[in-house]
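Heads up, the thing below is written out as C-alpha coordinates.
The values are calculated or read from the model by the stated rules, or taken from the named source; none is laboratory data. All of these numbers come straight from a predicted model, not from anything done at the bench. Cβ sites come from the backbone with ideal geometry, for glycine too, and all protein chains shown count toward neighbours.
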(Lines give C-alpha, C1' and ligand atoms only; values in the text may rest on other atoms or scores of the structure.)
Protein backbone atom coordinates (compact mmCIF):
# COMPACT_ATOMS: atom_id res chain seq x y z
CA UNK A 1 0.00 0.00 0.00
CA UNK A 2 2.87 2.35 0.82
CA UNK A 3 4.40 1.93 -2.66
CA UNK A 4 1.01 2.60 -4.30
CA UNK A 5 0.72 5.87 -2.36
CA UNK A 6 4.27 6.88 -3.33
CA UNK A 7 3.50 6.30 -7.02
CA UNK A 8 0.22 8.21 -6.87
CA UNK A 9 1.76 11.19 -5.06
CA UNK A 10 4.67 11.22 -7.51
CA UNK A 11 2.38 11.20 -10.54
CA UNK A 12 0.35 14.09 -9.13
CA UNK A 13 3.61 15.98 -8.67
CA UNK A 14 4.92 15.39 -12.21
CA UNK A 15 1.54 16.45 -13.60
CA UNK A 16 1.90 19.66 -11.58
CA UNK A 17 5.43 20.19 -12.87
CA UNK A 18 4.42 19.54 -16.48
CA UNK A 19 1.56 22.04 -16.27
CA UNK A 20 3.39 24.79 -14.40
CA UNK A 21 7.14 24.58 -15.08
CA UNK A 22 8.37 24.84 -18.66
CA UNK A 23 11.86 23.30 -19.00
CA UNK A 24 14.52 25.97 -18.53
CA UNK A 25 16.27 25.13 -21.81
CA UNK A 26 13.09 26.04 -23.73
CA UNK A 27 12.80 29.42 -22.05
CA UNK A 28 16.49 30.10 -22.67
CA UNK A 29 16.03 29.33 -26.37
CA UNK A 30 13.01 31.64 -26.62
CA UNK A 31 14.95 34.34 -24.79
CA UNK A 32 17.76 34.01 -27.35
CA UNK A 33 15.14 34.14 -30.09
CA UNK A 34 13.69 37.32 -28.61
CA UNK A 35 17.10 39.01 -28.51
CA UNK A 36 17.88 38.09 -32.11
CA UNK A 37 14.46 39.08 -33.47
CA UNK A 38 14.47 42.46 -35.15
CA UNK A 39 10.72 43.08 -35.30
CA UNK A 40 8.93 44.57 -32.33
CA UNK A 41 5.90 42.30 -32.79
CA UNK A 42 7.98 39.13 -32.54
CA UNK A 43 9.87 40.46 -29.52
CA UNK A 44 6.59 41.33 -27.82
CA UNK A 45 5.08 37.90 -28.42
CA UNK A 46 8.12 36.04 -27.14
CA UNK A 47 8.30 38.44 -24.21
CA UNK A 48 4.68 37.69 -23.34
CA UNK A 49 5.35 33.95 -23.46
CA UNK A 50 8.38 34.30 -21.18
CA UNK A 51 6.45 36.45 -18.72
CA UNK A 52 3.67 33.87 -18.67
CA UNK A 53 6.19 31.10 -18.01
CA UNK A 54 7.68 33.04 -15.08
CA UNK A 55 4.29 33.78 -13.52
CA UNK A 56 3.30 30.12 -13.85
CA UNK A 57 6.52 28.86 -12.28
CA UNK A 58 6.55 31.41 -9.46
CA UNK A 59 2.91 30.81 -8.56
CA UNK A 60 2.80 27.08 -9.40
CA UNK A 61 -0.14 27.75 -11.73
CA UNK A 62 -0.81 26.26 -15.18
CA UNK A 63 0.99 28.21 -17.92
CA UNK A 64 -1.99 27.71 -20.27
CA UNK A 65 -5.70 27.46 -19.62
CA UNK A 66 -5.75 24.36 -21.83
CA UNK A 67 -3.90 21.85 -19.65
CA UNK A 68 -4.39 19.17 -22.29
CA UNK A 69 -5.40 15.55 -22.51
CA UNK A 70 -3.32 13.67 -19.97
CA UNK A 71 -0.95 11.04 -21.39
CA UNK A 72 1.62 8.80 -19.75
CA UNK A 73 4.56 6.95 -21.27
CA UNK A 74 5.37 4.12 -18.86
CA UNK A 75 8.40 1.85 -18.70
CA UNK A 76 7.51 -1.00 -16.36
CA UNK A 77 10.37 -3.16 -15.14
CA UNK A 78 9.71 -6.90 -15.23
CA UNK A 79 10.66 -7.18 -11.52
CA UNK A 80 8.71 -4.16 -10.30
CA UNK A 81 6.31 -5.35 -7.58
CA UNK A 82 3.19 -3.76 -9.11
CA UNK A 83 1.82 -4.61 -12.55
CA UNK A 84 -1.81 -4.03 -13.61
CA UNK A 85 -2.35 -1.89 -10.51
CA UNK A 86 -0.17 0.80 -12.12
CA UNK A 87 -2.95 1.79 -14.53
CA UNK A 88 -5.43 2.24 -11.67
CA UNK A 89 -2.91 4.43 -9.83
CA UNK A 90 -2.38 6.63 -12.89
CA UNK A 91 -6.12 7.13 -13.23
CA UNK A 92 -6.54 8.09 -9.58
CA UNK A 93 -3.54 10.44 -9.76
CA UNK A 94 -5.11 12.15 -12.79
CA UNK A 95 -8.31 12.73 -10.85
CA UNK A 96 -6.37 14.16 -7.92
CA UNK A 97 -4.23 16.41 -10.11
CA UNK A 98 -7.37 17.79 -11.75
CA UNK A 99 -8.43 19.10 -8.35
CA UNK A 100 -5.08 19.89 -6.78
CA UNK A 101 -2.97 21.51 -9.53
CA UNK A 102 -5.65 22.31 -10.82
CA UNK A 103 -5.96 20.92 -14.34
CA UNK A 104 -8.82 21.98 -16.57
CA UNK A 105 -11.22 19.06 -17.11
CA UNK A 106 -10.64 18.12 -20.75
CA UNK A 107 -12.07 14.61 -21.09
CA UNK A 108 -15.33 14.85 -23.02
CA UNK A 109 -17.60 11.86 -23.58
CA UNK A 110 -19.38 12.00 -26.95
CA UNK A 111 -22.79 11.41 -25.38
CA UNK A 112 -22.53 12.44 -21.73
CA UNK A 113 -20.31 15.50 -22.03
CA UNK A 114 -17.34 16.52 -19.87
CA UNK A 115 -16.49 13.96 -17.21
CA UNK A 116 -15.13 16.68 -14.93
CA UNK A 117 -11.99 14.80 -13.86
CA UNK A 118 -9.85 14.26 -17.01
CA UNK A 119 -10.72 10.56 -16.99
CA UNK A 120 -12.74 9.01 -19.78
CA UNK A 121 -15.73 6.79 -19.06
CA UNK A 122 -14.48 3.95 -21.26
CA UNK A 123 -10.99 3.60 -19.80
CA UNK A 124 -9.00 5.05 -22.71
CA UNK A 125 -8.18 8.41 -21.09
CA UNK A 126 -5.76 9.24 -19.59
CA UNK A 127 -3.80 7.84 -22.52
CA UNK A 128 -1.34 5.24 -21.26
CA UNK A 129 1.49 3.72 -23.30
CA UNK A 130 3.21 0.86 -21.46
CA UNK A 131 6.55 -0.61 -22.43
CA UNK A 132 7.81 -3.71 -20.58
CA UNK A 133 11.53 -3.41 -19.81
CA UNK A 134 14.22 -5.12 -17.79
CA UNK A 135 14.81 -4.10 -14.19
CA UNK A 136 12.85 -3.47 -11.01
CA UNK A 137 11.89 0.18 -11.46
CA UNK A 138 8.91 2.10 -12.83
CA UNK A 139 9.55 5.09 -15.09
CA UNK A 140 6.64 7.42 -15.84
CA UNK A 141 6.73 10.36 -18.25
CA UNK A 142 3.70 12.57 -18.50
CA UNK A 143 3.01 14.77 -21.52
CA UNK A 144 -0.34 16.58 -21.31
CA UNK A 145 -1.07 17.98 -24.76
CA UNK A 146 -3.43 20.81 -25.61
CA UNK A 147 -6.13 20.80 -28.25
CA UNK A 148 -4.73 23.56 -30.45
CA UNK A 149 -1.48 21.80 -31.32
CA UNK A 150 -3.18 18.39 -31.36
CA UNK A 151 -5.58 19.61 -34.04
CA UNK A 152 -2.73 20.38 -36.44
CA UNK A 153 -1.16 16.92 -36.27
CA UNK A 154 -0.83 15.29 -39.68
CA UNK A 155 -0.64 11.77 -41.07
CA UNK A 156 -0.12 10.42 -44.55
CA UNK A 157 0.53 7.06 -46.16
CA UNK A 158 3.08 7.99 -48.80
CA UNK A 159 4.01 5.90 -51.79
CA UNK A 160 7.31 4.17 -50.91
CA UNK A 161 8.90 5.44 -54.11
CA UNK A 162 8.74 9.00 -52.77
CA UNK A 163 11.33 8.07 -50.16
CA UNK A 164 12.93 10.55 -47.79
CA UNK A 165 12.39 13.39 -50.25
CA UNK A 166 8.64 12.79 -50.02
CA UNK A 167 8.83 12.58 -46.23
CA UNK A 168 10.58 15.95 -45.97
CA UNK A 169 8.11 17.57 -48.35
CA UNK A 170 5.16 16.27 -46.32
CA UNK A 171 6.60 17.52 -43.02
CA UNK A 172 7.13 21.00 -44.48
CA UNK A 173 3.59 21.01 -45.90
CA UNK A 174 2.16 19.92 -42.55
CA UNK A 175 3.86 22.68 -40.57
CA UNK A 176 3.04 25.28 -43.23
CA UNK A 177 -0.62 24.24 -43.04
CA UNK A 178 -0.52 24.46 -39.24
CA UNK A 179 0.52 28.10 -39.58
CA UNK A 180 -0.51 30.00 -36.47
CA UNK A 181 -3.19 27.53 -35.37
CA UNK A 182 -1.10 25.62 -32.82
CA UNK A 183 0.58 28.57 -31.04
CA UNK A 184 4.15 28.65 -32.41
CA UNK A 185 7.10 28.57 -32.02
CA UNK A 186 6.66 24.85 -32.46
CA UNK A 187 8.37 21.65 -31.50
CA UNK A 188 7.97 19.08 -34.28
CA UNK A 189 8.07 15.31 -33.89
CA UNK A 190 8.22 13.12 -37.00
CA UNK A 191 7.46 9.41 -37.02
CA UNK A 192 8.45 7.35 -40.06
CA UNK A 193 7.55 3.72 -40.69
CA UNK A 194 5.73 1.10 -38.67
CA UNK A 195 2.08 1.38 -39.65
CA UNK A 196 -0.75 3.89 -39.77
CA UNK A 197 -0.94 3.96 -35.98
CA UNK A 198 2.67 3.42 -34.94
CA UNK A 199 4.04 6.32 -36.98
CA UNK A 200 1.95 8.74 -34.90
CA UNK A 201 3.18 7.24 -31.64
CA UNK A 202 6.74 7.45 -32.94
CA UNK A 203 6.16 11.13 -33.72
CA UNK A 204 4.90 11.77 -30.20
CA UNK A 205 7.90 9.94 -28.77
CA UNK A 206 10.16 12.08 -30.95
CA UNK A 207 8.88 15.23 -29.24
CA UNK A 208 10.38 13.97 -25.97
CA UNK A 209 13.90 13.49 -27.29
CA UNK A 210 16.56 15.72 -25.65
CA UNK A 211 16.24 19.32 -26.73
CA UNK A 212 18.59 20.43 -29.51
CA UNK A 213 20.35 17.04 -29.55
CA UNK A 214 20.48 15.46 -32.97
CA UNK A 215 20.00 11.78 -33.70
CA UNK A 216 22.95 9.44 -33.20
CA UNK A 217 22.35 8.23 -36.75
CA UNK A 218 24.20 10.73 -38.99
CA UNK A 219 21.67 10.32 -41.81
CA UNK A 220 18.73 11.04 -39.52
CA UNK A 221 20.61 13.89 -37.82
CA UNK A 222 21.18 15.49 -41.22
CA UNK A 223 17.46 15.35 -42.02
CA UNK A 224 16.56 16.85 -38.63
CA UNK A 225 18.97 19.74 -39.20
CA UNK A 226 17.70 20.33 -42.73
CA UNK A 227 14.05 20.31 -41.64
CA UNK A 228 14.70 22.67 -38.72
CA UNK A 229 16.28 25.16 -41.13
CA UNK A 230 13.58 24.86 -43.79
CA UNK A 231 10.69 25.03 -41.33
CA UNK A 232 12.05 28.29 -39.95
CA UNK A 233 12.26 29.62 -43.49
CA UNK A 234 8.45 29.35 -43.61
CA UNK A 235 8.34 32.61 -41.66
CA UNK A 236 5.41 31.63 -39.43
CA UNK A 237 6.99 33.36 -36.45
CA UNK A 238 6.02 33.59 -32.80
CA UNK A 239 2.26 33.10 -32.44
CA UNK A 240 2.05 33.12 -36.24
CA UNK A 241 2.81 36.83 -36.63
CA UNK A 242 5.78 36.41 -38.97
CA UNK A 243 8.58 37.48 -36.64
CA UNK A 244 10.86 35.41 -34.45
CA UNK A 245 11.42 31.63 -34.56
CA UNK A 246 8.77 29.41 -36.11
CA UNK A 247 10.17 26.08 -34.87
CA UNK A 248 12.44 25.51 -31.88
CA UNK A 249 13.36 21.89 -32.53
CA UNK A 250 12.71 18.89 -34.77
CA UNK A 251 13.21 15.23 -33.92
CA UNK A 252 12.64 12.06 -35.93
CA UNK A 253 11.87 8.52 -34.77
CA UNK A 254 11.99 5.72 -37.33
CA UNK A 255 10.78 2.11 -37.58
CA UNK A 256 10.77 -0.58 -40.24
CA UNK A 257 7.82 -0.48 -42.64
CA UNK A 258 5.88 -2.72 -45.00
CA UNK A 259 7.38 -2.79 -48.54
CA UNK A 260 4.17 -1.32 -49.94
CA UNK A 261 3.78 1.46 -47.35
CA UNK A 262 5.58 4.57 -46.16
CA UNK A 263 3.64 5.86 -43.15
CA UNK A 264 4.58 9.32 -41.88
CA UNK A 265 3.21 11.06 -38.81
CA UNK A 266 3.80 14.64 -37.73
CA UNK A 267 2.96 15.61 -34.16
CA UNK A 268 3.36 19.28 -33.31
CA UNK A 269 3.63 20.86 -29.89
CA UNK A 270 2.94 24.51 -29.18
CA UNK A 271 5.65 26.55 -27.45
CA UNK A 272 4.59 24.86 -24.20
CA UNK A 273 6.00 21.37 -24.69
CA UNK A 274 4.93 20.26 -21.24
CA UNK A 275 6.39 17.11 -19.75
CA UNK A 276 8.05 15.68 -16.66
CA UNK A 277 9.44 12.28 -15.73
CA UNK A 278 9.86 10.26 -12.56
CA UNK A 279 11.62 7.00 -11.83
CA UNK A 280 10.40 4.96 -8.88
CA UNK A 281 12.45 2.07 -7.54
CA UNK A 282 10.96 -1.07 -6.05
CA UNK A 283 12.02 0.19 -2.61
CA UNK A 284 10.04 3.41 -3.07
CA UNK A 285 12.93 5.74 -3.91
CA UNK A 286 11.81 8.52 -6.27
CA UNK A 287 13.86 10.50 -8.78
CA UNK A 288 12.13 13.34 -10.68
CA UNK A 289 13.52 14.76 -13.90
CA UNK A 290 11.79 17.99 -14.89
CA UNK A 291 13.49 18.09 -18.27
CA UNK A 292 12.28 14.51 -19.01
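Here are the numbers for this structure:
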{"quantity": "Matching helices (runs of 4 or more DSSP H) fully within region 24-117 where at least 2 residues are surrounded by 15 or more Cβ atoms within 10 Å (Cβ to Cβ), touching a residue at least 24 places away in the same chain (Cβ under 8 Å) and not assigned by TED's automatic domain parsing to the domain that holds residue 137", "calculated": "24-36, 40-59"}
{"quantity": "Residue list for region 198-229, filter: farther than 27 Å from residue 24 by Cβ, in contact with a helix residue (DSSP H, G or I) (Cβ under 8 Å, 6 or more places away or on another chain) and surrounded by 16 or more Cβ atoms within 10 Å (Cβ to Cβ)", "calculated": "223"}
{"quantity": "Some residue of region 138-148 being surrounded by 16 or more Cβ atoms within 10 Å (Cβ to Cβ) and out of contact with any strand residue (DSSP E or B) (no Cβ under 9 Å at 6 or more places or on another chain)", "calculated": "yes"}
{"quantity": "Output for region 121-133, where each listed residue is outside any strand (DSSP E or B) and buried (at least 17 other Cβ atoms within 10 Å of the Cβ)", "calculated": "125, 126"}
{"quantity": "Any hit, region 223-245, residues being closer than 30 Å to residue 8 by Cα and touching a strand residue (DSSP E or B) at 6+ places or on another chain (Cβ under 8 Å)", "calculated": "no"}
{"quantity": "Test: residue in region 163-178 that is over 23 Å from residue 235 (Cα atoms), out of contact with any strand residue (DSSP E or B) (no Cβ under 6 Å at 6 or more places or on another chain) and either in contact (Cβ under 8 Å) with a residue 24 or more places away in the chain or not assigned by TED's automatic domain parsing to the domain that holds residue 262 (or both)", "calculated": "yes"}
{"quantity": "Some residue of region 206-219 being in contact (Cβ under 8 Å) with a residue 60 or more places away in the chain and not in a loop (DSSP other than H, G, I, E, B)", "calculated": "yes"}
{"quantity": "Residue in region 270-292 that is within 19 Å of the chain's Cα centre (by Cα) and more than 30 Å from residue 138 (Cα to Cα) present", "calculated": "no"}
{"quantity": "Some residue of region 239-255 being assigned to a loop (DSSP other than H, G, I, E, B), out of contact with any helix residue (DSSP H, G or I) (no Cβ under 9 Å at 6 or more places or on another chain) and either surrounded by fewer than 21 Cβ atoms within 10 Å (Cβ to Cβ) or at negative phi (or both)", "calculated": "no"}
{"quantity": "Residue 235 vs. criteria more than 18 Å from residue 162 (Cα to Cα) and without any contact (Cβ under 8 Å) to a residue 60 or more places away in the chain", "calculated": "yes"}
{"quantity": "Residue within region 261-269 that is outside any strand (DSSP E or B), over 22 Å from residue 19 (Cβ atoms) and touching a residue at least 24 places away in the same chain (Cβ under 8 Å) present", "calculated": "yes"}
